[in-house]
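Here is the structure we will look at, set down as structure tokens.
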Amino acid sequence: MFPQGSCFYVALLYLYQAQRHREYRQKIISNYQPLHRDIYSMHPSAFFVPTFLKAINDNTEESFRNIMSEPSPGVFTFEMFQPQFCKLLLSEVEHFEEWVNEVRFRIMRPNTMNKYGAVLDDFGLETMLDKLMEGFVRPISKVFFPEVGGSTLDSHHGFVVEYGKDRDVDLGFHVDDSEVTLNVCLGKQFSGGELFFRGTRCDKHVNTGTHSEEIFDYSHAPGRALLHRGRHRHGARATTSGHRINLLLWCRSSLFREMKKYQKDFSSWCGECLHEKKERQQQSVVATRSELLRREGESTA
């Protein structure tokens, strides 16, 4: 027998869970009948607003910045999905949830923090979301998030979360299991539910304090997208009325994750690493000045 803490045991457990998840997903896809089959394939002109499509086709930093605002460093907002696409995706999610209840099938929730919502990859939208990441998120991330693997995004976790009465109400302070996160509000009518951001952190500094310049709050609007680093700490305030549903696409880079194992300094993206680096530089400058003054004093003595 192998001890539970051994690497071999962990690897076996991971393989077992991955196999169970594949079987779970295949069982759903084999039995579930989609309501809107058009959204299962990528149709850019039907999915995206024209301004977003033009920016992607031009594929330059200038074209991206023309449609985006950056209200806080590393947080980008822009109009992305057409209202009709949001409506169809919401309808498909509702149809899937009704089917799950009818057949009494256990639904796997998006993550350990959300008790409501669904994993879109599990009922057939994986290919479409792959294309969304590769063709539309990765080009932007290559420009704005190169230091966290933005140009090498190669896998994703796509899901919807639901907030409101008889749903999740809020979401605690956390970081995402992603390099880059796309968060798009699909609707419906709601109030509250603002996101609050508190700075990007590496694993070592994830629980450190927040600097004043890192505080930022964001209010959702249907169809509007938010793009940020997965390690940008955030949470969601209570949705006080109505029903809010958001599409989340956690985009990951296997290359970045492998390279990160051998790094110690993350000052290019971790706010606390950068803060510590600046402090060391300031201390070095002060020490150098003190030494120069000491030497000048000795030479004139």
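The values are calculated or read from the model by the stated rules, or taken from the named source; none is laboratory data. Remember, predicted model here, so these are calculated numbers, not experimental data. As a convention, Cβ positions derive from the backbone with ideal geometry for all residues, glycine included, and neighbour counts pool all protein chains shown.
Of the residues that sit in the stretch 69-83 and are among the small types (Gly, Ala, Ser) and in a strand (DSSP E or B), which one is farthest from PHE196 (Cα to Cα)?
My answer is SER69.
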*Among the residues of the stretch 83-91, is there at least one that is in contact (Cβ under 8 Å) with a residue 60 or more places away in the chain, among the small types (Gly, Ala, Ser) and either farther than 17 Å from LEU249 by Cα or surrounded by 18 or more Cβ atoms within 10 Å (Cβ to Cβ) (or both)?*
no
*When residues of the stretch 257-293 are filtered for being among the basic types (Lys, Arg) and within 22 Å of the chain's Cα centre (by Cα), how many remain?*
3
*the stretch 49-69: number of residues that are surrounded by 12 or more Cβ atoms within 10 Å (Cβ to Cβ) and within 18 Å of LEU226 (Cβ to Cβ)*: 10
*Consider PHE96 against the criteria (1) in contact with a strand residue (DSSP E or B) (Cβ under 7 Å, 6 or more places away or on another chain); (2) under 20 Å from THR181 (Cβ atoms); (3) among the hydrophobic types (A, V, I, L, M, F, W, C): it satisfies all of them except one. Which criterion is unmet?*
(2)
*Quick check: is even one residue across the stretch 128-135 closer than 28 Å to TYR262 by Cα and either β-branched (Val, Ile, Thr) or crowded, with 21+ Cβ neighbours inside 10 Å (or both)?*
yes
*Filter the stretch 172-197 down to residues that are more than 21 Å from LEU129 (Cβ to Cβ) and touching a residue at least 60 places away in the same chain (Cβ under 8 Å), then give me how many there are.*
5
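Which of the following residues is surrounded by fewer than 21 Cβ atoms within 10 Å (Cβ to Cβ), in a helix (DSSP H, G or I) and touching a residue at least 12 places away in the same chain (Cβ under 8 Å): ARG280, ARG257, ARG294, ARG289?
Working: ARG280 fails: touching a residue at least 12 places away in the same chain (Cβ under 8 Å); ARG294 fails: touching a residue at least 12 places away in the same chain (Cβ under 8 Å); ARG289 fails: touching a residue at least 12 places away in the same chain (Cβ under 8 Å).
Every option except ARG257 fails the conditions.
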_For the stretch 161-205, give me the residue count where each residue is within 17 Å of LYS260 (Cβ to Cβ), in a loop (DSSP other than H, G, I, E, B) and in contact with a helix residue (DSSP H, G or I) (Cβ under 8 Å, 6 or more places away or on another chain)._
3
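State whether the residues of the stretch 61-83 include one that is farther than 26 Å from SER151 by Cβ, of a type in the set (A, V, I, L, M, F, W, C) and more than 19 Å from the chain's Cα centre (by Cα). Show your work before the answer.
Narrowing the stretch 61-83 to residues farther than 26 Å from SER151 by Cβ: 82-83.
Checking the rest, the ones that are also of a type in the set (A, V, I, L, M, F, W, C) come to none.
Taking every residue of the stretch 61-83 in turn, none turns out to be farther than 26 Å from SER151 by Cβ, of a type in the set (A, V, I, L, M, F, W, C) and more than 19 Å from the chain's Cα centre (by Cα).
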*Would you check if there is a residue in the stretch 239-252 being more than 27 Å from GLU162 (Cβ to Cβ), at pLDDT 90 or above and either touching a His at 6+ places or on another chain (Cβ under 6 Å) or of a type outside the set (Val, Ile, Thr) (or both)?*
no
_Among (1) exposed (fewer than 10 other Cβ atoms within 10 Å of the Cβ); (2) farther than 23 Å from THR208 by Cβ - the single one TYR262 does not satisfy_ = (2)
_Please verify whether SER151 is among the polar types (S, T, N, Q), surrounded by fewer than 18 Cβ atoms within 10 Å (Cβ to Cβ) and either touching an Asp or Glu at 6+ places or on another chain (Cβ under 6 Å) or modelled with pLDDT of 80 or more (or both), treating the condition exactly as stated._
yes
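Has the stretch 101-115 got at least one residue that is under 16 Å from TYR40 (Cβ atoms), part of a helix (DSSP H, G or I) and either in the same structural domain as VAL169 (by TED's automatic domain parsing) or in contact with a Leu (Cβ under 8 Å, 6 or more places away or on another chain) (or both)?
Step one: of the stretch 101-115, the residues under 16 Å from TYR40 (Cβ atoms) are none.
Checked against the condition, which is being under 16 Å from TYR40 (Cβ atoms), part of a helix (DSSP H, G or I) and either in the same structural domain as VAL169 (by TED's automatic domain parsing) or in contact with a Leu (Cβ under 8 Å, 6 or more places away or on another chain) (or both), the stretch 101-115 yields no hits at all.
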